[in-house]
1. Evaluate the following for residue 113: is it touching a residue at least 12 places away in the same chain (Cβ under 8 Å), crowded, with 23+ Cβ neighbours inside 10 Å, at negative phi and in contact with a helix residue (DSSP H, G or I) (Cβ under 9 Å, 6 or more places away or on another chain)?
2. Residues that are at pLDDT 95 or above, in a helix (DSSP H, G or I) and in contact with an Asp or Glu (Cβ under 7 Å, 6 or more places away or on another chain): does region 111-125 have at least one?
3. Only residues that are within 21 Å of residue 47 (Cα to Cα) and outside any helix (DSSP H, G or I): list them for region 216-248, please.
4. List the number of the failed condition for residue 160; all other conditions in (1) of a type in the set (A, V, I, L, M, F, W, C); (2) closer than 30 Å to residue 60 by Cβ; (3) at pLDDT 95 or above hold.
5. Give region 13-55 a look and list any residue that's modelled with pLDDT under 90, closer than 19 Å to residue 190 by Cβ and among the polar types (S, T, N, Q), or say none.
6. Determine, yes or no, whether residue 61 is basic (Lys, Arg), without any contact (Cβ under 8 Å) to a residue 12 or more places away in the chain and outside any helix (DSSP H, G or I).
7. Just for region 69-110: of the residues that are β-branched (Val, Ile, Thr) and outside any loop (DSSP other than H, G, I, E, B), which one is surrounded by the most Cβ atoms within 10 Å (Cβ to Cβ)?
8. Looking for something surrounded by fewer than 16 Cβ atoms within 10 Å (Cβ to Cβ), of a type in the set (D, E, K, R) and more than 22 Å from the chain's Cα centre (by Cα) - is there at least one such residue anywhere in region 155-177?
Amino acid sequence: MIQKDAHDGQIETNATTSFYQRLNDAAGIVIASATADPGEIGRVQHQIDELNQWRETLANRPESVALQSAISEATVGVFLLVSGLYRPAFVSLRLLLELSLATVHFATNRLELAEWVQGRRDVRWSILINQEQGVLSHRYSDAFFPALGESVKTYNAIGAKVYRELSEYVHGNHYTWGNTTDTIAFNAALQSRWVSQFEAAKTVVDYALTLRFLQEIGPAELGALSTIIDSSLGHIEPIRDFVRKERD
């Protein structure tokens, strides 16, 4: 049996510490580059703050726990993004979209919410995005916001597209390895791609939350959300008219 003295162990510990210190230094360089123009990341953070406003509005509803998890993933995703850890940043973004739509699903499926909280049920994207029964379907819009009409199909398609593209990073599709590497280095194109997909996902989330909850929240809560909804979805006439009528 080969014996190792304490000196050998100290050398290994020092080498490991040095390795991770180099990774930390590399991440610091990426952060400096990623935030050199604060506008892009600042815009993302502003939209996360808007999601937090939704969470505060829905705080008394039990399904808000899923939205809290979604927002946490978005925050982690931004940190991973500016640190140059692009693949896990895309994974966190997919979870933001998935858990946000799960919030809407759980609002009408309280048994499934309880089972999910207890760890006895998984969130299934195929159920959330189902064109006939999912949270972005005519069945949902007819029940909770009938005036939305055909717009629900548009946002279902956007949500499905964004999720599919994000899943390519989760599953390690071959072409994604050409974009992400095993080194920590700033990649402006990947950062812009992440931000673009975040903004698309955020719009889908705003639409899903508006579809499900807008007509159930009170005037005071709507006042806090009206600017957010108007900015994101004001081009959709039934939403714009409802918000402005209630606000006025």
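1. Answer is no for this residue.
2. yes
3. 217, 234, 235, 236
4. The failed condition is (2).
5. Answer for region 13-55, where residues must be modelled with pLDDT under 90, closer than 19 Å to residue 190 by Cβ and among the polar types (S, T, N, Q): there is none.
6. It is false that residue 61 is basic (Lys, Arg), without any contact (Cβ under 8 Å) to a residue 12 or more places away in the chain and outside any helix (DSSP H, G or I).
7. Here the answer is 103.
8. No; the residues of region 155-177 include none that is surrounded by fewer than 16 Cβ atoms within 10 Å (Cβ to Cβ), of a type in the set (D, E, K, R) and more than 22 Å from the chain's Cα centre (by Cα).
The values are calculated or read from the model by the stated rules, or taken from the named source; none is laboratory data. It should be emphasised that the depicted structure is a prediction, and the values quoted were computed from it without experimental measurement. Neighbour counts run over all protein chains shown; Cβ positions are idealised from the backbone, glycine included.
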